[in-house]
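Read through the structure below, which is laid out as C-alpha cells, and then see the notes.
Quick note: the coordinates plus some simple rules give every number you see, no bench work behind them. Just so we're clear, the structure is a prediction, and the values are computed from it rather than from any experiment. Note that each Cβ is placed from the backbone with ideal geometry, even for glycine, and that neighbours are counted across all protein chains shown.
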Ligand SMILES: Nc1ncnc2c1ncn2[C@@H]1O[C@H](COP(=O)(O)OP(=O)(O)OP(=O)(O)O)[C@@H](O)[C@H]1O
Ligand SMILES: [Mg+2]
C-alpha cells in the first residue's frame, strides 16, 4: 500500500515537471516577442527592451529555464505585470471563492447523482429511471451560464433570496460570503451531476447482475444492504474515476460560473489576465490548475487502494 | 398443505415462466419432486432444462420477468411448520434465506464479494440471523472454516477471495452456507467449474458435512457420475419438466424414461466405453436437440428425439405415473423400456 502510494507520488512529480516544461515552452514559442505582445502595439522600443530585461528574456534559453524552474521550486511564480504583486499573492487573494465553489459544487453533484443513479439502475425502466435519464440529458446539454442566469432571475431577482452577483462587500463575514456561493455552486453542481448520474447508473447495472449480489440476497439480508454494501461498493470503483474527471472539469467550469456570478475567484483572475496578456499570471494559474488536476487524480488513486483490495497487493 | 413427516421439501407441479412481450418462455413447466429429511436429491438435466430456475424459484430469487405461474413449494422449517414458498413475499423469504435454506452456486470465482474478506462474509451471514458481537461472529467464522477443512484456517480468515483458489473459495461458500445450520442446502452445480480432483474433494466434504450437520441437500448437476457419488434420489428434467424420479440405485439399474436412458448412454464410463483393444469408443449422443421452451409441442417434449415414440405421445402431455418400485415416470410406455 505504501509502496504504491510512493510510486504514484513519483509519477505526480514527473507529470508536474513536464507541465512546468510545457508551460515554459509555450510562452517561448508564441510567435513574436513576448514582451512586445504583452505591451501591445503602442509600446515604444525602450519599454519593450526594459520589459525583456525584467522578464530575463535576454539570457540563453536553458538559463531562462533553470531560473524559472528554480523560482517555482522556491514558490516564486514571478511578478504580475499589471497588478504589480507576486503571482502567488494574486492567486492566493482569489483562491477562497474558487476553492469553496468547486468543493460545494462537487458535493452537490455527488449528493444528487449517486442516489439518483443507484435508484435508476435498481428501478431500471421505471418512470423514475426515465425521468432521471431525461433530466440528466437536459442538464448535460444546457450551458452553465444559461442555467446560472435562469437561477439568478428566479432566486435572486424575483424571490430575492440571494444577491445577483459578487462576493459581498470588502468586510463581508464568512457566512455572507458563503451565501453568495449558493447559486453558483448549485448551478455548477447540477450540471456536473449529469455525467456522474449516467456513470453511476451504468456501473450499478453492471454489478447488480454479478454473482456475489445474488449470493448476498441468498444470505437473507435487506435489499438496502444488498444494494449499498454489496453492489454499490463494487460500483464505486468506476464511479470514483468519473468523480475525479468531474472534479477536473469543475475547475474549468468554475471559470465560466465565476464570470457569470461576478465572483472574484481564480477563474475571473485568469479571464482578466488573458485579456491583459499578463503572462506570468496565466503561467502561474496554469500550473496551479494542472497541479490540482494531478492532486485530484492522486486522491482518486488513493481511494481506489482503500476500496479495492485487489489493487492493494 | 400436507407433507409426509420425513419430507422437508415438496415441489408440486411448479410452473415458472418468463413472460415476454411476444412469447412465454416456460423455463419450468411441471416440476414435481420430494426431498427427504437429511437426504440428497440430485436434479439432473441438460443445459437449459430449468434446473437453476427451479432452485431460484425455491429461494425466491427469480429475476424479472420470471415469476411462479402455478404450483406449490412446500417446505418444512425447523419448528416443523409447513410453508408454501410459492406464495411467500420477499419479506418472508428474508427470514428464511440463509437461516433455513442456504445456497451455493456454480461459479466459486465470482460468487464471493471481492471487496470483503472471507471472514467478514461468513461472519455477516451469522450476524444477519443471530444477535452476535463482531468478535463472536469472527470466532464462529473461523470455526466454519475449520469445518470445511481449509488448511491454516486462522491464517486465511482475513484473506480476500482473490487470494484463494477456486476449490478454496467453494469451501468458503459452503462454510458460509452452513454457518447458520440451515435444514436445506441447495447446491447449483457446485463442482462443475472445478477440476476433477478438487471436484471429488468437495463432494466428499459435502457428504461428511451432511452427516455432521444433518441438512438435506438439493444437488443440481448435469453429470450422472456426480449423481452416483452423492445422491440418494434423482430427479431427471427435460425442457422444464420432470420426466423421472427414482432412488439412485433403482435409476442406474433400470431407467423408466427413454430420456434418462439416453443420458446414461452419454455418460463416459471407464470400463464400458473402452473397446477390446483398450481404445475409447465414440460416445453415444442423443440425436436431435431440445425444443425451444417458448414453443413446446402439446405432447411429450422428448417425442421428436425418442426411439420409443408412438403417435399417442404427440396428443397430450403424459402425466407422471408410478413406473417402478419407488420411481415415477412421465412416459406412457415406461413399462416397456
Ligand atoms: N431471465 C430470463 N428470461 C428468459 N428466459 C430465461 C431467463 N432465465 C432463464 N431463462 C430460460 O430458462 C431456461 C432454463 O434455464 P436454467 O438456467 O434453469 O437452465 P439450467 O438447467 O440451469 O441449465 P445449465 O445447466 O446451463 O445451468 C433456459 O432456456 C433459459 O433460456
Ligand atoms: Mg444452471
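Observations on the structure shown:
- Contact order for the range A:96-264, expressed relative to its length and based on alpha carbon pairs under 8 Å spaced 6+ residues apart, stands at 38 percent.
- Between B:259, B:238, B:116, the GNM of chain B built on Cα springs shorter than 10 angstrom shows B:116 fluctuating the most.
- Computed [θ] at 222 nm, deg cm²/dmol, chain B (DSSP H ≥ 4; -39,500 (n - 2.57); rounded to nearest 500): -8500 deg cm²/dmol
- Ordering of A:64-77, B:319-332, B:131-144 by burial proxy (mean other Cβ atoms within 10 Å per residue, highest first): B:319-332, B:131-144, A:64-77
- Taking the inverse of the mean 1/r over every pair of distinct Cα atoms in the range B:1-56 gives a Kirkwood hydrodynamic radius of 12.8 Å.
- For the range A:4-30 versus the range A:80-152, the gap between their alpha-carbon centres in whole angstrom: 27 Å
- The Rg/Rh ratio of the protein assembly as shown, with Rg taken over Cα atoms and Rh as the Kirkwood radius over Cα pairs, comes to 1.15.
- Number of partner chain Cβ atoms within 10 Å, mean per residue of B:94-102: 3
- For the range A:96-264, the square roots a ≥ b ≥ c of the C-alpha gyration tensor eigenvalues yield an a/c of 1.5 or more together with a/b exceeding b/c, which makes the shape prolate.
- Angle between chain A longest axis and helix A:174-208 axis [Cα atoms, degrees, rounded to 10]: 50 degrees
- Contact order for the range A:240-293, expressed relative to its length and based on alpha carbon pairs under 8 Å spaced 6+ residues apart, stands at 27 percent.
- Chain B pair-distance distribution - Cα-Cα, 20 Å bins, rounded %: 30, 56, 14, 0
- The range A:291-313 versus the range B:45-67: alpha-carbon centroid distance in Å: 40 Å
- The range B:124-187 and the range A:212-226 have Cα centres lying 16 Å from one another.
- Mean projected area of the convex hull spanned by the Cα atoms of chain A, taken over all viewing directions: 21.2 nm².
- Between helix B:134-147 and chain B: long-axis angle, C-alpha atoms, 0 to 90°, nearest 10: 50 degrees
- Highest-fluctuation residue, B:163, B:245, B:79 considered, GNM on chain B with Cα pairs under 10 Å: B:79
- The mean number of Cβ atoms from other chains found within 10 Å of a Cβ in peptide A:230-242 is 1, as a whole number.
- 0 to 90° range, to nearest 10: angle between helix A:279-307 axis and chain A longest Cα axis: 20 degrees
- Computed packing ranks the peptides B:221-234, B:198-211 as B:221-234, B:198-211, most packed first, by mean other Cβ atoms within 10 Å.
- Mean per-residue shielding of peptide B:113-124 is 4, counting Cβ atoms of other chains within 10 Å of each Cβ.
- For chain A, averaging the sequence separation of C-alpha pairs within contact (under 8 Å, six or more residues apart) and dividing by the residue count gives a relative contact order of 27 percent.
- Panel order for B:19, B:91, by other beta carbons found within 10 Å of each beta carbon, from fewest to most: B:91, B:19.
- Of the beta bridges in the protein assembly as shown, as assigned by DSSP with both residues counted there, near 65 percent are antiparallel.
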